[in-house]
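Below is one structure, written out as structure tokens; the observations come after it.
A short reminder: the numbers here are calculations on the coordinates, not readings from a lab. In this text, all values refer to a predicted model and were calculated from it rather than measured experimentally. Note: ideal-geometry Cβ built from the backbone for every residue, glycine included; neighbour counts use all protein chains shown.
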Amino acid sequence: MSLAVQIARNGGPEEMKLVDVDVGAPGPGEVRIRHHAIGLNFIDVYQRTGLYTLPMPLNLGMEAAGVVEAVGDGVQHLKAGDRVAYASNPPGSYSEVRVMPAAYVCQLPDSIDFETGAAMMLKGLTAQYLLRQAKPVEGLHSGDFVLFHAAAGGVGLIACQWAKALGLRLIATAGSDEKCQLALANGAEVAINYRTENFAERVKDITAGKGVKVVYDSVGKDTWEGSLQCLRAFGLMVSFGNASGPVPPFAPAILAAKSLYVTRQGLFTHLRSREACQSMANDLFAVVGTGQVKVHIAQRFALSEVQAAHRALEARKTTGSSILLP
């Protein structure tokens, strides 16, 4: 048996209950993992509220780190006793122990502790595909301007550091002066408080009217129109989240004036195979292992405090990464 956070219906944080679940032995292609730390992410909120629809009852959570207790038939890349981390479907990481598909579970280097592993996999792999794979048609090169919204969050702080390591000039937005300072301290060239400033006008000034090659936007509805204004000709709008609500329908003709590109990205398409997952994880482990990227864990909650953790996340009171401790 294991304690796990489960919902019986979509709704607010109060719907999350800590329940006993029967874990059992791993089947073919599966592993059983005992978690040491668990990641907290906005996708968990989307699944809890029903923005992303999943069958009920639902065990929440997409990211964790721990130790393999047992492996099922056919699992070749892991064995009992391995230190591991993952960001993977199906949900269920908000738990002490779970059984899950082994394909997207990666060995965690000894140089990276469990808390860091749990805090960085979903966010770090997201930053990896954004900066390394979701590129504008003209490519990204050292010295190029990019705009990154919610830059003081878990994905954002990793992206700020990684972009600097790649030579990119990252313009950050955040919702307070304190969060802007945090983005600057982590490699952003400029930070804009979008609550007190018009970020589209500031970006125009910063780039001498040219605009940025790419906008990375996990905020959604509130930043959509301004983000399009920030792009240069042939620029790329990368939507990868809906923190303020889904982007409303729009007419493609609005893109024509600057021949813009728009894409809605999702991590789990990029994690399409064990080989792709491992390659992305190796890229992440390398920048964390060399110190080019530091993972900031600003909030820690006991697993039993999961309701408070979600309330803090939804109120945008968190910075960096947050973890749950079983």
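Please report the spacing between the Cα centers of the stretch 148-198 and the stretch 220-245 in Å, no decimals. Answer, in whole Å: 16.
Is the stretch 216-326 rounded, prolate or oblate when judged by the Cα gyration tensor, a ≥ b ≥ c being the square roots of its eigenvalues, rounded requiring a/c under 1.5 and prolate requiring a/b larger than b/c? Could you put the intermediate results ahead of the total?
Details: a/c = 2.28, a/b = 1.43, b/c = 1.60.
Taking the square roots of the gyration eigenvalues as a ≥ b ≥ c, the stretch 216-326 is oblate.
Among rounded, prolate and oblate, which fits the stretch 66-158 when a ≥ b ≥ c are the square roots of the eigenvalues of its C-alpha gyration tensor, a/c under 1.5 means rounded, and a/b larger than b/c means prolate? All intermediate terms of the calculation are to be shown ahead of the outcome.
Numbers: a/c = 2.55, a/b = 2.12, b/c = 1.20.
In terms of gyration-tensor shape, prolate.
The residues neighbouring W162, those whose beta-carbon lies less than 12 Å from its own, together hold a net charge of +3 under the Lys/Arg +1, Asp/Glu -1 convention. For the stretch 1-49, trypsin sites (Lys or Arg not before Pro) are listed when DSSP marks them as loop and at most 11 other Cβ atoms sit within 10 Å of their Cβ; the list is R9.
In the stretch 36-136, which chymotrypsin sites (Phe, Trp or Tyr not before Pro) are in a loop and have at most 15 other Cβ atoms within 10 Å, using DSSP for the loop call? Before the final figure, lay out the partial values.
Working: sites: F42, Y46, Y52, Y86, Y94, Y104, F114, Y129; in loops: Y52, Y94, Y104.
Of the chymotrypsin sites (Phe, Trp or Tyr not before Pro), the ones in loops of the stretch 36-136 whose Cβ has at most 15 other Cβ atoms within 10 Å are Y52.
Counting charges near A233 (Lys, Arg +1; Asp, Glu -1) among other residues having Cβ under 11 Å from its Cβ returns a value of +3. An oblate overall shape is assigned to the stretch 158-207, the ratio a/c of its alpha-carbon gyration tensor axes (a ≥ b ≥ c) being 1.5 or greater and a/b not exceeding b/c.
Checked against a 31 Å cut-off, the cross-linked pairs K123/K221; K210/K317; K258/K317 give Cα-Cα distances beyond that limit for K210/K317; K258/K317. Scoring 155-162, 274-281 by mean Cβ neighbours within 10 Å over their residues and listing the highest first yields 155-162, 274-281. Listed by chain and number, the aspartates and glutamates placed with their C-alpha closer than 19 angstrom to that of K213 are E138, D144, E189, E201, D205, E225; residues fewer than eight positions away on the same chain are left out.
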